[in-house]
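Asks: Structure incoming, see below.
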Amino acid sequence: MLLLVSAAGASPLADPPNSQVSASTIHWDRVHPILAARCFECHAGEQRKGGFSLGTRDGLMRGGASGAAVVEGDAATSHLIELVTSDDPFEQMPPEGPRLTEDEVDSLRRWIDAGAPWGVTGLEDSMYLAALALHPVDRPEGAENPIDAHLQAELAEIEAGPALTDTEFARRIHLDLIGLLPTPDQLRRFLADESPDKRTELIDALLADDLGRAEHWMSFWNDLLRNDFQGTGYIDGGRLQITGWLFDALLHNQPYDAFVRELVAPTVDGSRGFIQGIVWRGDNAVVQQAPMQAAIHVSQVFLGINLKCAACHDSFVNDWSLAQTFALANCFSDEPLSLTRCDTDLGVPAEYGFLWPSLGEVDGAAPREERMAQIASFVTSTDNGYFARTIVNRLWALFMGRGLVEPLDEIERRPWHPELLDDLSAAFIESGYDLRWLMRTIVTSRAYQSPSVEAASSNEFAFEGPGVRRLTAEEFYDAVGNLTGVWQVNPRFDLPEGAASEPRVRAWRVPLDPLSRALGRTAREQVTTRRETAGTTMQALELANGGTLDAHLRRSAETLRAGWAGSATELIDELFLRALQRKPTPAEQQVALELLVGESPDDGKEASVSQEGLEDLLWSLCMLPEFQLIR
């Protein structure tokens, strides 16, 4: 059973390469918040008290009027440690406020002993705050696609090397746009096409597949909008599905601004579930109540802003305040809210308002539905650059493996290419907020059609091509369907009459099961803007020994054996083409043949295929990194 897998160097769990976080990243991630909170005010940007600047690593190492602050690799003799541990009120740092904790000092010591590694987020970047409005951008000449226009230098280096093959492109674009593998016939037609525009023509054909596109993107939006078929709240009406409305919106490519307005200020019952949230049973903290859920999730999903901390107190991780968060939550509340810090009522009435008052004032005396409509108009305003930037960044990350801004829910941070983000966002607005246009613009770019690269192991990011990605849980299940012809059963959502051209049930239409949970699909009780891609022990165990995949492959093998009229050798060729878009090597063919028919003298031309052997071959193909990864 493991021979084919071992021969290909696979394991029961395929990770994107270099998914581990480096030690220097860990040191920086612990130290940077300390410096940001306690040192920036006096030693960053234009503030360089004592001549000491933390704006760059050079500034750190150079020190100030008192001499070097850090001795690289030696915390014990570093003046910085002496200052933060001093009891002398005229010497100690920071000079005001509480002293650093023992854990914070220990983190600084470890960081210096490790050589004071400098992360991607420099101190100037930490002080960066994206402007509300999009910046006008002069697009460079030299490329028709706006993405390629901004990445000409990077593309010149990439294109000096090997190109992405047509087979690799066909696999990638099918999975990215409709979530399915290309069939052998589809691949043969594409490879035989000699048109110079055949890639663009394939993209347009896939985008025109409204059903395939809608079914694929349901999983992405279900994660973002925490919509599912079962879970907390659905039984007693404390949670409402939006599945029918959502599917219809995706099927007809509803303009994104109209799509969001209907979610933030519903005018039909079908979209009401998102803003209603989950009505939790029993006594709940303020952050769990519906108005605060609405404020947090509208900001996170559509504006790329994290208000979770500011829902309890003024945020420690960004500049949003408790008062601003409650002002937004108040707009979604039937009753006026009172400011509550860490579940302690302050006795101060919350105001009504949007995060950026410059976009307009909220009429606190207006009915709740009218206030919500006002918020929806501010969220989707063309003057609100955060709105367009956020969805552009999310789709970029899905197609390219990494966002223009990271983390995805902190859109106010500095992008690695600010001009590209704002230019693409402005063009998206000009398209009429057309998500299909945005997808097409990204995937028709030479940048997207470059060979994939392994994840960068350092914090310094430079675009070298799309990152290698793992199949999602739904993509994995659907790829198994492509491989075997056996799909899911007992769907919880019926496609509109006439929408389905074949009786297949894709994975998004069935509830969470042990395998999909292990592969990263969540229960969707929280907003999920990015699924974890690093492998886990649970995933390895479920793939190798779990009953869910085993039962599915057993049923698949039975169906394949019953319907296959050709030889074992022909079956092996067909399965490799379905799974990997190539024929097996001679070594793989031999191993697979022994699995199916044993040591047969006629090379499997007449021998019957064994049920157990076919199950093992299907499992082995599914475990290959070549199957599990999008390159």
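The values are calculated or read from the model by the stated rules, or taken from the named source; none is laboratory data. In this text the structure is predicted, and so the values were computed from the model without any measurement. A quick note on method: Cβ atoms are made from the backbone with ideal geometry, for glycine too, and the neighbour counts reach across all protein chains shown. With ligands, DNA and RNA removed, areas are computed over all heavy atoms of the protein, side chains included. Shrake-Rupley method; radii C 1.70, N 1.55, O 1.52, S 1.80 Å.
Asks: Figure the gain on full extension for residue 348 and residue 419 (residue separation times 0.36 nm, minus the Cα-Cα span) and round it to one decimal in nm. Walk me through the numbers before you get to the answer.
Replies: Details: separation 71, 0.36 × 71 = 25.56 nm, distance 4.24 nm.
Here the answer is 21.3 nm.
Asks: Now for a different question. Hey, what's the range 385-470 come to in accessible area per residue, 1.4 Å probe, Å²? Mind showing how you got there, number by number?
Replies: Details: 2730 Å² over 86 residues.
Roughly 32 Å² per residue, with all protein chains present.
Asks: With θ set to phi - 60°, apply the Karplus curve 6.51 cos²θ - 1.76 cosθ + 1.60 along the range 195-202 and write out the HN-Hα couplings as whole Hz, x wherever there is a Gly or Pro.
Replies: Using θ = phi - 60°, the values come out as 5, x, 9, 5, 5, 4, 5, 5 Hz.
Asks: In addition: Under a plain spin-label model, where a point goes 7 Å from the Cα along Cα-to-Cβ, how far apart in nm are residue 309 and residue 133?
Replies: Roughly 2.9 nm, to one decimal.
Asks: Mean 1/r over all different Cα pairs, inverted: what Kirkwood radius does the chain give, in Å? Each step should come with its number before you reach the end.
Replies: Details: mean 1/r = 0.0366 Å⁻¹.
Value: 27.3 Å, from the Cα pair sum.
Asks: Follow-up. Say a paramagnetic label sat at a point 7 Å from the Cα of residue 455, along Cα to Cβ; which residues of the range 373-404 have their backbone N under 17 Å from it?
Replies: The answer is 397-404.
Asks: Taking the C-alpha atoms of the range 219-379, how large are the radius of gyration and the largest Cα-Cα span, Dmax, in Å?
Replies: Over the range 219-379's Cα set, Rg and Dmax evaluate to 15.4, 48 Å.
Asks: With a 1.4 Å probe and every protein chain left in place, tell me how much accessible area residue 577 has, in Å² to the nearest 10.
Replies: 30 Å²
Asks: Here's a follow-up. So how much slack lies between residue 106 and residue 550, counting 0.36 nm per residue of separation and subtracting their Cα-Cα distance, in nm?
Replies: On the way: separation 444, 0.36 × 444 = 159.84 nm, distance 4.86 nm.
Roughly 155.0 nm would be gained on extension.
Asks: OK, next. Using 0.36 nm times the number of residues separating residue 193 and residue 338, minus their current alpha carbon distance, what extension gain do you get?
Replies: Working: separation 145, 0.36 × 145 = 52.20 nm, distance 6.57 nm.
Full-extension gain reported as 45.6 nm.
Asks: Describe numerically, in nm with one decimal, the distance between label points set 7 Å from Cα along Cα→Cβ at residue 235 and at residue 252.
Replies: If labels sit at residue 235 and residue 252, their model points lie 3.6 nm apart.
Asks: May I pose another question? Tell me, what ³J(HN,Hα) does each residue in the range 507-513 have, in order and in whole Hz, if you take phi through Karplus 6.51 cos²θ - 1.76 cosθ + 1.60 with θ = phi - 60° and put x for Gly and Pro?
Replies: 5, 5, 7, 10, x, 4, 10
Asks: For the chain, which whole percent of the accessible surface, found with a 1.4 angstrom probe, sits on carbon and sulfur atoms?
Replies: Heavy-atom surface of the chain belonging to carbon and sulfur, 1.4 Å probe: 50 percent.
Asks: I've got another one for you. Assuming R0 = 51 Å, can you tell me the calculated FRET efficiency for the pair residue 489 and residue 318, based on Cβ-Cβ distance, to the nearest 0.05?
Replies: Numbers: r = 46 Å, r/R0 = 0.90.
After rounding to 0.05, the efficiency reads 0.65.
Asks: Roughly what would the spin-label model give for residue 537 and residue 160, points 7 Å off Cα along C-beta, in nm?
Replies: 4.6 nm
Asks: Amide H of residue 348 versus every other amide H placed in the peptide plane: which residues, excluding those fewer than 5 positions away on the same chain, fall under 5 Å?
Replies: Correct list: 339.
Asks: Given a 1.4 Å probe, how much area per residue of the range 473-630 is accessible, in Å²? Don't skip to the answer; put the middle values down first.
Replies: Details: 6930 Å² over 158 residues.
Per-residue accessible area for the range 473-630 comes out at 44 Å².
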